[in-house]
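The values are calculated or read from the model by the stated rules, or taken from the named source; none is laboratory data. The structure presented is a predicted model; accordingly, all values stated were derived computationally and were not measured. Backbone-built Cβ (ideal geometry, glycine too); neighbour counts: all protein chains shown. To get the accessible areas, we keep the full protein, side chains included, count just its heavy atoms, and leave off ligands, DNA and RNA. Shrake-Rupley method; radii C 1.70, N 1.55, O 1.52, S 1.80 Å.
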Amino acid sequence: MAGPILVFDSGVGGLSVVAALRARMPHAALAYACDNAMLPYGRRQDAWLVERILAVCEAAVAASRCAALVVACNTASTLALDALREHLRVPVVGTVPAIKPAAMVSRSRHIGLLATSATVARPYTLRLIETFAADCRVRRVAADPLVREAERYLAGELPDSAVIASALAPLWEEPELDTVVLGCTHFPLLRDLLSAAAPRAVSWVDSSDAIARRTAQVASDVALGSGPGQSFASAPDMPLAGVLSRFGFSGPRPLALG
Ligand code: DGL
């Protein structure tokens, strides 16, 4: 039976990928799942996180009867993609920092990676840098406070410009840096604010278009979208319901976690 494409993140960050999926697959039914009870993922222990991501994704895949799972979270993908692919029977598309496209556009060969503290330190990320940006200098910047800022921003609160400025500050210590990878799906939601806070023009690169392209290649038996998509959360609440409804999803149902 045909099913939706299920997009998963710790919080609302995956909605930056939803926009790209809608642009590339305008007729596909989408569903959304988030583990907002455990947000943020970026500072959690790896072993705990793998178990948690498996439990949440298993429950959400079962509840949504999806045709494919998009793990719209760099922190989860750089850690748990293999485990998810082993456990789930649907195609799984991951999200990893856009190091390769950034290396292709950087003229100065000096790139910044803005991501969670987990993602900037992961062996997966270091391998991406070695493989695709060996001739570039890459400044890795942990910017966990921007996750909360993106959550607050989507919920209609004013972002804290001091938090944004201090998260970005290490990038500007590098005068030659001309390209910044947004290696957390929450960050493209703040793109205009990040750009406005930058003291000079840089290219901001994220993975959402590449993920949408890959999803269109691997997902088969995708249901046609009509009406709001289903959504699931570990802590369904009114503010989240409001954000999801603006992005075309019905109010979140609780995830049945064992
Ligand atoms: N949106 C997630 C990512 O892409 C992480 C946010 C979090 O720390 O929970 O890495």
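Figures for the structure shown
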item: Long-range amide H partners of Trp204 with built H, under 5 Å; result: Val180
item: Net charge contributed by nearby residues that have their C-beta within less than 10 Å of Cys184 (K/R +1, D/E -1); result: -3
item: Between helix 145-154 and the chain: long-axis angle, C-alpha atoms, 0 to 90°, nearest 10; result: 50
item: Gaussian network model of the chain, Cα within-10 Å springs - most flexible of Cys57, Cys66, Cys136; result: Cys136
item: Estimated 222 nm signal from helices in the chain, with DSSP H stretches of n ≥ 4 weighted -39500 (n - 2.57), rounded to 500; result: -13000 deg cm²/dmol
item: Farthest positive-ward along the chain dipole, Cα basis, beta-carbon charges - from Ser203, Gly11, Gly156; result: Ser203
item: Viscosity 1.567 mPa s, temperature 4 °C, Stokes-Einstein D of the chain from Kirkwood C-alpha radius, µm²/s; result: 71
item: Chain lengthening between Met1 and Arg22 when straightened (0.36 nm per residue, less Cα-Cα); result: 5.4 nm
item: Order by protection proxy (mean Cβ within 10 Å, highest first), peptides 126-133, 99-106, 193-200; result: 99-106, 126-133, 193-200
item: Segment 31-127 shape via C-alpha gyration tensor axes, a/c threshold 1.5; result: prolate
item: Formal net charge of residues neighbouring Leu193 (Cβ-Cβ distance under 14 Å; K, R +1; D, E -1); result: -2
item: Accessible-area composition of segment 17-163, carbon plus sulfur, in percent [1.4 Å probe]; result: 51
item: Segment Val50-Ala83, extension gain: residue separation times 0.36 nm, minus the distance between their alpha carbons; result: 11.1 nm
item: Phi-based couplings in Hz for segment 247-255 (Karplus 6.51, -1.76, 1.60; Gly and Pro marked x); result: 9, x, 10, 6, x, x, 9, x, 7
item: Nonlocal amide H pairs with Ser231, under 5 Å, H built at 1.01 Å; result: Tyr32, Ser250, Arg253
item: Cα pair distances of segment 142-199 binned at 5 Å [whole percent]; result: 4, 19, 34, 26, 12, 4, 1, 0
item: Cα long-axis angle, helix 123-132 against the chain (0 to 90 degrees, to the nearest 10); result: 60
item: Between helix 161-172 and the chain: long-axis angle, C-alpha atoms, 0 to 90°, nearest 10; result: 60
item: Residue-normalised accessible area of the chain, expressed per residue, 1.4 Å probe, Å²; result: 44
